[in-house]
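Shown next, in C-alpha cells, is the structure this report addresses.
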Amino acid sequence: MSTFGILFFLLLGGFVFFAFAKIMAFTKSRKKEKRFLAMLYLAVLLTGFGLAWAYTSFLESEPSAAYMGLIVFGGLGLILGGLGMWKVTASQTAKPDQVHVENKSDVSWQKGVAIVLVLFFTMTLPMTWLLKSVSRVVSDKDRAADFLFESLLSDRALPEVIRKAMEYEAWLTRMDDPLEPRVIKAAISGIEPAGMIELFDYVAPEKERKSLLDEVSAAIYAWIHGDEAYPVLTIQTGTFLNNLETNAENLLPWIYKSFPIPACSPGQIQEIERGDHNNDLQKLVFCVPPESLQRKIAPMGAALIREKLRVNNSPDSIHIGEKIREKISGDKLSAAKKRIRTFFLLGSALWLVPVVLLAIGLLLAARSVKSAVAWLSGPLIATGLLGMVTASCLPGLSFLHSVPRDVPGQIPGYALGIGRKLGIDLAVMLEKAMFAPFLLMAIAGGLLLVIAFRKEIMLLTIHTWHSFGMVFGRQPL
Amino acid sequence: MESSSDSNDRGGPYKPNRREFIKLMAAAGAGSLVGGSSQAAYAASGMGTHTKPFSPFKKVHAEIEEMYAISRDYQRMRQKNTVFNRGFWDKKVRPNFLGNVAKKSGMIPFPQEGTPGYSKVDWALHWAGWAGHRAGTPLMGAGARNTGNYDDWERHANPKFEPYAFKDRAEAAKYVKRAANFLGADLVGIAPYDARWTYSKWFDLDPSIEDTKSLEIPWDKMKEVEGVFPFEPKSVIAMAFEMDYDALKAPGFLSGAAAGLGYSIMPEVSFKVADFLNNLGYKSIPTGNDTGMSIPIAIQAGLGECSRMGMLITEKYGPRVRLAKIYTDLEMEFDKPVSFGVEEFCKRCKKCTEACPSNAISIDDEPSATSTTGSISSNSGVKKWYQDGEKCMLQWDRNGGTGCSFCITACPFNKRDTWIHDLAKVLVGMPVGRDIARQLDDAFGYGKKTDQAARAFWDKEV
Ligand code: SF4
Ligand code: SF4
C-alpha cells in the first residue's frame, strides 16, 4: 500500500479507536443512556466507513460512488452522532430540580407534532426546491431562452445535438429498415463538429439563431402571460433562404470536405469537365474532384442549389400561430396555458410550505433559544444531505440514459435524442443550482449543532486530549 | 451513451477536479484525509492484482445440470448459425455486419475531435488494441478458426515428443493451470470434454485461401465443414482474459480498444498454451470463438455463471472477460461448476436490459428452456435467458463497428475486486439484499459509460 494509503487508514483507525474509547468512558459513568451511546458507536462506525469507502472509490476511479458514499454513510453517521450527543448530554445536564413543572402531556403532544412537522420539512424541502429550480428556469423568458440556446443552438452545443439526434435515430431503426437512409445518417454523424458549425454559419449563423430564439420565446411567454388564444409568432424563413442562396457557392466544397467521399478517378474527372453531370447534384458529389476543378464547378453547384430552392418555392415566412390554430382548438390551448401558469406559481411558491411548517414546529417545541437552535440544527443537516444526494443523482437518472424499449411510433428518433440532450443539460444545471444551497444548509445545521452543544463538545475534546496524553505519554493541558 | 454535457466539467477520477473535490470535501468535512489519491496508490494497494475473489455464497456443483436444466433433446448448434458467422452468408444479417452500413458510407473509421471516446487518439488506440488479432488471425473474432501463424492444427495435433508422465491428474491440472496463468490467462479452469458444446458442423475458412492475413478475404470463402477433431479430446482448458475496466467505461473507440485487446490476446495465449502441451507430448487445439461454444465450457470449468445478458459472469471480473479454450488429449483433474448467485440476482436486476440500445436482452423475469428471440442464432434447449444476437449486431452496425458493451459496463458484477464490492457480494447472497444492491448500484452511479471516463482513461497516471 502507498504511504498515503497507510497514513489514511492509520488515521482512520486512530479516529475510530479514540472515539470508541471516549464513548466507553461515557458508558461507564452513565449506564442509563445505553441506547443513545449505541447510536454514538454506530455514528463513529458509519463515518469511518464513509471515509474509507470514499477513499477506495476514488482509487477505483468511481468519483460519484465516492461522494455518494460520503454523503450517505458519513451523513447518516453525522445525524446519528448529533442525535446521540444531544440526548446523552441533555440527560447528563438535566438535574431533577430543573425538570419543567408544566403539564407533561402538553409537552409531549407539542413535541409529537413538532417532530412530524420537522420530518415533513426534511423530506419535502429537496423536492419542492427542485421544483422551484425548474420553474425558475422555465418561467423566466430570458433564462429559458438562454438555457435553450446554450443547450441546443449555440455553436458549442449544435454538433452534440446533431450527434445525439442521429444516435437516437439509429437506435430506433430496425433490422429491415432501408439501407440508404441509414447510410446517410451514419455519414451525417461522422461530420466533424467544426464542419457542422461551418454549415450552420452558411444558413443560420449563431447570432441569427440567437435572435430567432429570443423572438420565439418572447412570443411564447407573451402568450402564456397574455389573453391571446394563440401565440402571435411569425418566423422569417426568408433570411435563412437568402443566406443559403448567398453562400450556395460554399456548399459543394463543404460537402467534399466534410464527407469521406473517395477521390474522382481520371474518367470521372473527364465526365465532370465535359459537364456530363446533367444538372444532377448527386452526380457532382459522387466523388471529390481535384481542387482546381472544385473551384470551377462550385458556381455550377451553387446554381443547381439555387434552382432547387426556386423549384421548392419555400415560403419567406411561417405563421406559427396560424399553424397551431389549424391543429389545436383554442379551448385546449387555453387549458394548457392555465396549467402552465399554475405550474409556474406552484413551482415558485411550494417550497415555502415546508419552511413555514418548520417554523411552526420550532414554535411548538422550542422552550429556549438553545433548544430552538438544537431543534433547527438536525433538520437542516438532514435536509441538506438529502438535497445534496438528490442533486447528485439528477444527471445520472437512468431514464435520461437508458434506451427506451417501446417508443410510440409517432415520436421520431431525432426528437427523442434532442429531448434527452435537453434533459441531461437541465439535470446538470439543476444539480449545480441545488447542490450549493443544500450544502450551505448542511453546514449551517452543523454550525448550529456546534453552537447548541459547544460545552459538551469542549468537554469531549478535552477528554480526548487527555486520552491522547495518556497513550502517547505527553502531559495533558 | 452519455453526452459530454452530462459530465462536462468533471475531472478524472484519480485527480478529481476542483468542483468535485470541493463537493467531496465539503460533504465529508474531511478534506485533508482523502485528497491526493493517485493511481500509484491504487496499484500499490493491491487492488486488481491476482488474488482469489471473496465468495461468501459460493456453491460448488457436481455437474452443469445442477445449475441449468438442459433438455434431453438438446441439439448441438451449427456454427453457421452464430450471428457472427451469419454475417458471411445471411442476407438478413450481412448488411449489418460489423458496421457494414457505416463502412459503406465511408464512415469507418470516423474519429471526431472533441468528442470523448471518439477522438483521433481513441481511434488510434482502438486499432492498436485490435492489431494483434488483425496481424495474427484476422477472422478469429468473427468465429473463424485461427488463421495465419496461429493456425497450426496439424502441428498441435501431432506433437514431436512422447507424452510426459504426470504423477496424477491433479498434478497435470496444477502444472497446466499455472502455465496458462503465466502465459497470460487471467482465469483458468479445466472441464471434461463435452460434445454437446462442440458445433455440429464447423464454419471455416476455405483452406485454399493463402493470404489469410488480409482483411480483404472474400466472404464467400467461408465454408461449412464436417466437424472432426484430429484426435479424441479428453479435457478442455478454459481461459478468461480481463478487459480493461477504465476503457470499457468510456464510450466509442476506447471500449472497442478493450475488446480488441482481448481478441488480440486470446489467440496468442491459447497458441502458447497449446505449444506448452505439445512440448509435453500432448495433442492440443487452441480455439477462440470457433469449434465450440465457449460459455458452457467455461461454466463447466468453474469460471463463472451464465447471465441474463448471455455473457459469462466471473466472480472476479464479472462479465468483463473474453474467453478462449484449448482442447487436449491430456487427462487432468476437472474443476467443478460454481454458482454465486448470478441467476437469482439477474431475475431482479435487468440493468443490462435497460442499458442495451438495441433491446437485444430479455426482460422476462424467469429464464426459459426455449429461445424467446425467434432468431436461428439462439440455440434452444438450455434453461437460461436468450439474447437476440441479430439485434445486437444491428447496434454494432449503428456505431460503425466500434463495438458496444453497454451491457457489460452496466452489469453490477462488473466491478474492480475491492473490499467495498465484497460487502455487496454479501448482499447478493440474500433475497432482500439483491434489491438493495441493485438500487444502490444505480444510486452510487456505477455502470454508466461517461465522457468523463474517456478523459479519465487518458489522465490515468502510469
Ligand atoms: S453489446 Fe450492446 S447491443 Fe449487444 S447486447 Fe450488449 S448492450 Fe445490447
Ligand atoms: S446487468 Fe443485471 S441482469 Fe444483466 S447480467 Fe448483469 S446482473 Fe444480470
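So the values come out like this:
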| item | result |
| --- | --- |
| Residues (more than 14 Å from every other protein chain (Cβ to nearest Cβ), open to solvent by less than 30 Å² (accessible area, probe 1.4 Å) and more than 19 Å from the chain's Cα centre (by Cα)) located in the range B:369-391 | B:G381, B:V382 |
| Qualifying residue in the range B:374-391 (condition: within 16 Å of ligand 2 (Cβ to nearest atom) and within 30 Å of A:Y55 (Cβ to Cβ)) | no |
| Hey, A:A219 surrounded by fewer than 17 Cβ atoms within 10 Å (Cβ to Cβ) and touching a Pro at 6+ places or on another chain (Cβ under 9 Å) or not | no |
| Tally, over the range A:403-415, of residues that are within 12 Å of another protein chain (Cβ to nearest Cβ) and hydrophobic (A, V, I, L, M, F, W, C) | 2 |
| Among residues of the range B:350-361, those that are more than 9 Å from ligand 2 (Cβ to nearest atom) and more than 9 Å from every other protein chain (Cβ to nearest Cβ), counted | 1 |
| Among (1) touching a Pro at 6+ places or on another chain (Cβ under 6 Å); (2) more than 16 Å from ligand 2 (Cβ to nearest atom); (3) not in a strand (DSSP E or B) - the single one B:S371 does not satisfy | (1) |
| Tally of residues being surrounded by fewer than 19 Cβ atoms within 10 Å (Cβ to Cβ), under 28 Å from B:D422 (Cα atoms) and in contact with a strand residue (DSSP E or B) (Cβ under 9 Å, 6 or more places away or on another chain) across the range B:351-368 | 0 |
| Meets criteria (over 29 Å from A:M166 (Cα atoms), touching a helix residue (DSSP H, G or I) at 6+ places or on another chain (Cβ under 8 Å), open to solvent by 20 Å² or more (accessible area, probe 1.4 Å) and within 16 Å of ligand 1 (Cβ to nearest atom)) for B:R348 | no |
| Residue list for the range B:289-320, restricted to those being under 25 Å from B:T373 (Cα atoms) and part of a loop (DSSP other than H, G, I, E, B) | B:N289, B:D290, B:T291, B:M293, B:S307, B:R308, B:M309, B:G310, B:M311, B:P319, B:R320 |
| Single residue of B:A360, B:A437 found to be in contact with a Gly (Cβ under 9 Å, 6 or more places away or on another chain) and not basic (K, R) | B:A360 |
| Test for B:S270: is it surrounded by fewer than 22 Cβ atoms within 10 Å (Cβ to Cβ) and among the hydroxyl-bearing types (S, T, Y) | no |
| Among residues of the range B:442-462, those that are charged (D, E, K, R), assigned to a helix (DSSP H, G or I) and buried (at least 21 other Cβ atoms within 10 Å of the Cβ), counted | 1 |
| Positions within the range B:357-374 being on the phi < 0 side of the Ramachandran plot, within 13 Å of ligand 1 (Cβ to nearest atom) and modelled with pLDDT under 90, in sequence order | B:P357, B:S358, B:T373 |
| Looking only at the range B:392-425, and only at residues there that are more than 16 Å from ligand 2 (Cβ to nearest atom) and of a type in the set (V, I, T), the one that is surrounded by the most Cβ atoms within 10 Å (Cβ to Cβ) | B:T402 |
| Residue within the range A:371-384 that is more than 19 Å from the chain's Cα centre (by Cα) and open to solvent by 40 Å² or more (accessible area, probe 1.4 Å) present | yes |
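The values are calculated or read from the model by the stated rules, or taken from the named source; none is laboratory data. Please read these numbers as outputs of a predicted model, since none were measured by experiment. Note that we place each Cβ from the backbone using ideal geometry, even for glycine, and neighbour counts take in every protein chain shown. With ligands, DNA and RNA removed, areas are computed over all heavy atoms of the protein, side chains included. Shrake-Rupley method; radii C 1.70, N 1.55, O 1.52, S 1.80 Å.
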